[in-house]
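First the structure, in the form of C-alpha cells, and then the observations on it.
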Amino acid sequence: GGFKHVASGNVDGMATEQGYYALVAYDRFLNDKTSLYNMSDVTINTDPDVPVSEDKDITLTDVTGTGVTVISKESILNGMELEAKLLTSGELYDKVKEALKDGKFTLYDLYLLENNLEVQPDGTITVSIPVSDGYDGTKCNVYRVNEDGSVTEITAALKDGKLVFETDQMGAFAIYQPAAVEPTNSDRNGGTTDSPQTGDSSNVALWFAMSLLSLAALTVLSRKKKTVK
C-alpha cells in the first residue's frame with residue numbers, strides 16, 4: 001500500500017510519492033514517451049460539456065418579519081441569515097431624530113448573521129425596505145446612519161412598494177419623508193402679493209360676477225333707449 005525509505009522503516013508519504021514518480025517515469029520510458037518532467041506529448045483537454053458552477057442570486061428575508069430583504073450572489077450570502085430591528089427609541093434613534101427633524105422617518109438596524117455571529121458582506125448586496133404605512137414612497141429618501149449619528153443620503157429607487165438600494169456594508173438605515181411645506185399667498189399667486197391677505201378668493205369672484213351683470217344690464221338699457229327714440 002506504499003513505499004518506505006528503508007526496509008526496516010515504516011511506510012511514509014514522501015517515500016510513496018517518490019516511488020510513484022519512479023514508476024511513472026519507467027512506464028513512460030518503456031512506452032517511448034517523453035520524460036516525466038517534460039511530458040510535452042500530453043494534451044490537456046477541457047471538456048466543454050462539463051458545466052461551470054453558476055453563482056446564482058439568492059434572497060434572504062428578515063427573520064423578525066419586517067419584510068426587509070437582501071439579494072446577492074450565493075458566494076456572498078450562502079449560509080447567512082438576515083435580521084432587521086425596527087428602532088423606535090434609544091441613543092441612536094435620538095441622534096437620527098435630531099438630524100432628520102424636518103420630517104418623519106423609520107429607522108432600521110440591519111444585520112447579517114453567520115453561525116450566530118454578526119458579519120459584513122464580502123461584496124455588494126441589494127437591500128429592499130418596505131415603505132411604512134402613512135408614508136409616500138415617491139417622496140421618501142434613504143439615509144445611511146454613521147457611527148456618530150450623522151446621516152448620509154444614498155441612492156434608492158421605489159419598486160413594488162419598497163425602497164431598493166445597493167450597499168457593501170450593513171448597519172442602520174433611515175427611511176425619511178420631508179415635512180410638507182404649506183404654500184404662501186405669494187406662492188399661490190405666482191410671486192405677487194396683490195391677492196387678498198385672507199386667502200379667501202370667493203369675494204373676488206363675487207365682485208367679478210357682479211361687475212359682469214352690471215355691464216350687461218347697462219347694455220340692455222342703452223339699447224332700449226335707442227329703440228324708444
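The values are calculated or read from the model by the stated rules, or taken from the named source; none is laboratory data. As the structure is a prediction and not an experimental result, all values here were calculated from the model. Heads up, the Cβs are rebuilt from the backbone with ideal geometry, glycines too, and the neighbour counts pull from every protein chain shown. What goes into the accessible areas is simple: the full protein's heavy atoms, side chains included, and nothing from ligands, DNA or RNA. Shrake-Rupley method; radii C 1.70, N 1.55, O 1.52, S 1.80 Å.
Some values worked out for this structure:
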| item | result |
| --- | --- |
| Flag for Asp55 being acidic (Asp, Glu), in a loop (DSSP other than H, G, I, E, B), in contact (Cβ under 8 Å) with a residue 12 or more places away in the chain and touching a Lys or Arg at 6+ places or on another chain (Cβ under 7 Å) | yes |
| Single residue of the stretch 88-126 satisfying the filter (surrounded by fewer than 16 Cβ atoms within 10 Å (Cβ to Cβ) and touching a helix residue (DSSP H, G or I) at 6+ places or on another chain (Cβ under 6 Å)) that is farthest from Ala179 (Cα to Cα) | Asp122 |
| Meets criteria (over 27 Å from Glu166 (Cβ atoms) and hydroxyl-bearing (Ser, Thr, Tyr)) for Ser72 | no |
| Matching option when the condition is open to solvent by less than 40 Å² (accessible area, probe 1.4 Å) and within 21 Å of Asp55 (Cα to Cα), among Ile129, Ile76 | Ile76 |
| Number of positions in the stretch 27-39 that are surrounded by 10 or more Cβ atoms within 10 Å (Cβ to Cβ) and part of a loop (DSSP other than H, G, I, E, B) | 6 |
| Some residue of the stretch 153-170 being in a loop (DSSP other than H, G, I, E, B), closer than 16 Å to Val96 by Cβ and touching a helix residue (DSSP H, G or I) at 6+ places or on another chain (Cβ under 8 Å) | no |
| Residue count, the stretch 102-151 (criterion: of a type outside the set (A, V, I, L, M) and under 15 Å from Lys162 (Cα atoms)) | 17 |
| Pairs with Cβ under 8 Å, 6+ apart, first in the stretch 79-102 and within 14 Å of Ala172 (Cβ to Cβ), second open to solvent by 50 Å² or more (accessible area, probe 1.4 Å) and acidic (Asp, Glu) | Lys95/Asp148 |
| First in the stretch 162-176 and within 18 Å of Ser150 (Cα to Cα), second anywhere and among the aromatic types (Phe, Trp, Tyr) and open to solvent by less than 20 Å² (accessible area, probe 1.4 Å), Cβ under 6 Å, 6 or more apart | Phe173/Tyr108 |
| Residue among Val6, Val50, Val11, Val42 that is over 22 Å from Val142 (Cβ atoms), surrounded by fewer than 15 Cβ atoms within 10 Å (Cβ to Cβ), aliphatic (A, V, I, L, M) and touching a Lys or Arg at 6+ places or on another chain (Cβ under 7 Å) | Val11 |
| Criterion: under 19 Å from the mean Cα position of the chain (by Cα) and not hydrophobic (A, V, I, L, M, F, W, C) - qualifying residue of Ser8, Ser72 | Ser72 |
| Candidates Thr198, Thr192, Thr219, Thr126 - the one that is modelled with pLDDT of 95 or more and over 26 Å from Ser89 (Cα atoms) | Thr126 |
